[in-house]
Amino acid sequence: MAMEKQAGTDSARSAASLQESWARIRGRLRDEVGEVEYRTWLRQMTLAGIEGDEAIVHLPTRFLRDWVRSHYGDRLRALWQQEVPAVRRVDVRVGPQPRGAAASDGEEAVNGASAPAQGGLAESLSARNGGARSAGEGRGEWSAPLDPRFTFDTFVVGKPNEFAHACARRVAEKPALPGFNPLFLYGGVGLGKTHLMHAVAWAIRDGEGGRNVAYMSAEKFMYRFIAALRTQSTMEFKESLRSVDVLMVDDLQFLIGKDNTQEEFFHTFNALIDAGKQIVISADKSPSDLNGLEDRLRTRLGCGMVADIHATTYELRLSILQAKATAAGVAVPKNVVEFLAHKITSNVRELEGALNRLIAHANLFGRAVTLESAQEVLHDLLRAHDRRVTIEEIQRKVAEHYNIRLTDMSSARRARNVARPRQVAMYLAKQLTSRSLPEIGRRFGNRDHTTVMHAVSRISELMQADAAFAEDVELLRRMLES
Ligand SMILES: Nc1ncnc2c1ncn2[C@@H]1O[C@H](COP(=O)(O)OP(=O)(O)OP(=O)(O)O)[C@@H](O)[C@H]1O
């Protein structure tokens, strides 16, 4: 063993002892980072081999590679050095995973040689699915790769998604339960449909019984079907698809207007349901609203459980931001989280994108995240969102509310009953749009930016001192935002 440790090359190291070292390293990492983090980021690591003084670790995607490199690279190197002192460097690469790689937490995969593993990601997924391959298509090849970030652990539950989440959990725990088959999840863009689908797929794959889950987009289904038609292998297509235990199809609306593919999907759907297999579908609309899908298919899609994911609420946006900041290990102040949750209301994808940008910026420049940096870094994004609330709208609403003329927003009149509403409008313009102080000043009768600054601080003070006034301003804000 001691001799082996000094050798540092594959030739001197048996596959078995490498495997043991690698298993210990992974075990230690898992103990250090905890189960959830380990499963999210590290579980799919495989050892491709040792070259000279370098251990080569493979991950299936660039995203995972970058993440593991930047967050765990040093730790991996240190653990390797403890285990095998001759290893001085660790190279994390995107690479194929060997058959059976990372099939479960107990199974650690090692090629045992420096030569790259054979077989691509599709094959390794096939192995994860049970490894059975029929002639032509491998069963697992049906499945698109699952995103390791999209699990139940990382899905934040709130009022708008709690029903869909509960249904997804139920199906993951007990596939093909009567009343839950098919499970049809629908909702607007970027609200978490794919995340929930992947979470179900992960949970079933990792659960007991080694169920064979095929997850794909409707587009992929069509593409495969057309390819099978072209190569006259539709029988194999049908057989391989019908041999799965769970079929999950994302973005079903893609099949609208694709009549032949719909027909094929309808038959596959029926065959699987009749055989007691679980089907999970996602789409942007409910089955009854999917105009352009055949009636008989729409009817069947709606005969299990239909669950919608609603637009996010302010509270859910707050929770999601907090959870994502914590997961990234970055301190994001409360006022920044509240600011983002207020401003970016479109969907979770954009919210997440904004937070990631802030975090990346803070990391790059080694600076803390602050409200000022958030406004600066996200300037373009906030501007795009501002389109909904314009300074004109603010002026109009505030003038109406205080019963003054719209022209008084720009007039030179200084009477309190005019000046105060004007200050409120300036304050709201600063809060609800990303216009600069000079820009706001210009829109209020060419006033100086210091006047706007004064208005903002005066209104803030008054709101602190006078609860009724604060409520009034908040009411205006809500009216403008809705
Ligand atoms: N409740 C949630 N908790 C944590 N993350 C979420 C939640 N909802 C959505 N996300 C995140 O938001 C992003 C977009 O979600 P997802 O891709 O699942 O949306 P989608 O509804 O499938 O969108 P599309 O209609 O564009 O396919 C993902 O990164 C996802 O992890």
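The values are calculated or read from the model by the stated rules, or taken from the named source; none is laboratory data. Just so it is clear, the model here is predicted, and its values are computed rather than measured. Cβ atoms come from the backbone with ideal geometry, glycine included; neighbour counts cover every protein chain shown.
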In this structure, is ALA227 more than 9 Å from the ligand (Cβ to nearest atom) and in contact (Cβ under 8 Å) with a residue 40 or more places away in the chain? no
Just one of VAL249, VAL280, VAL244, VAL189 is part of a loop (DSSP other than H, G, I, E, B), buried (at least 17 other Cβ atoms within 10 Å of the Cβ) and within 29 Å of the chain's Cα centre (by Cα); which is it? VAL244
Is it fair to say PHE150 is modelled with pLDDT of 50 or more, within 12 Å of the ligand (Cβ to nearest atom) and not assigned by TED's automatic domain parsing to the domain that holds GLY73? yes
Checking the condition part of a helix (DSSP H, G or I), within 14 Å of the ligand (Cβ to nearest atom) and either of a type in the set (A, V, I, L, M) or modelled with pLDDT under 95 (or both), which residue from THR326, THR312 passes? THR326
Does SER410 satisfy the criteria of being out of contact with any strand residue (DSSP E or B) (no Cβ under 9 Å at 6 or more places or on another chain), away from the ligand (no atom under 16 Å from the Cβ) and in the same structural domain as SER319 (by TED's automatic domain parsing)? no
Every residue in the stretch 352-364 that is touching a helix residue (DSSP H, G or I) at 6+ places or on another chain (Cβ under 9 Å) and more than 16 Å from the ligand (Cβ to nearest atom), please. HIS361, ALA362, ASN363
Answer yes if at least one residue in the stretch 435-451 is outside the structural domain of THR345 (by TED's automatic domain parsing), within 38 Å of the chain's Cα centre (by Cα), surrounded by 18 or more Cβ atoms within 10 Å (Cβ to Cβ) and not in a helix (DSSP H, G or I), and no otherwise. yes
Does VAL200 satisfy being within 14 Å of the ligand (Cβ to nearest atom), in a loop (DSSP other than H, G, I, E, B) and among the β-branched types (Val, Ile, Thr)? no
May I ask you to verify whether GLU173 is of a type in the set (D, E, K, R) and under 27 Å from LEU321 (Cα atoms)? no
In the stretch 211-241, which residues are in a loop (DSSP other than H, G, I, E, B) and either surrounded by fewer than 16 Cβ atoms within 10 Å (Cβ to Cβ) or at pLDDT 90 or above (or both)? THR231, GLN232
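Okay, residues lined up against (1) within 17 Å of HIS342 (Cβ to Cβ); (2) exposed (fewer than 15 other Cβ atoms within 10 Å of the Cβ); (3) among the aliphatic types (A, V, I, L, M):
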{"residue": "HIS361", "(1), (2), (3)": "no, no, no"}
{"residue": "ALA368", "(1), (2), (3)": "no, yes, yes"}
{"residue": "GLU372", "(1), (2), (3)": "yes, yes, no"}
{"residue": "GLU393", "(1), (2), (3)": "yes, no, no"}
{"residue": "ARG396", "(1), (2), (3)": "no, no, no"}
Please verify whether the stretch 400-419 includes one or more residues that are within 30 Å of PRO333 (Cα to Cα) and either at pLDDT 95 or above or surrounded by 19 or more Cβ atoms within 10 Å (Cβ to Cβ) (or both). no
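Could you list, in sequence order, all residues of the stretch 301-331 that are surrounded by 18 or more Cβ atoms within 10 Å (Cβ to Cβ) and within 30 Å of ASN181 (Cβ to Cβ)?
Residues satisfying the conditions are LEU301, GLY304, MET305, VAL306, ALA307, ILE309, THR312, LEU316, ILE320.
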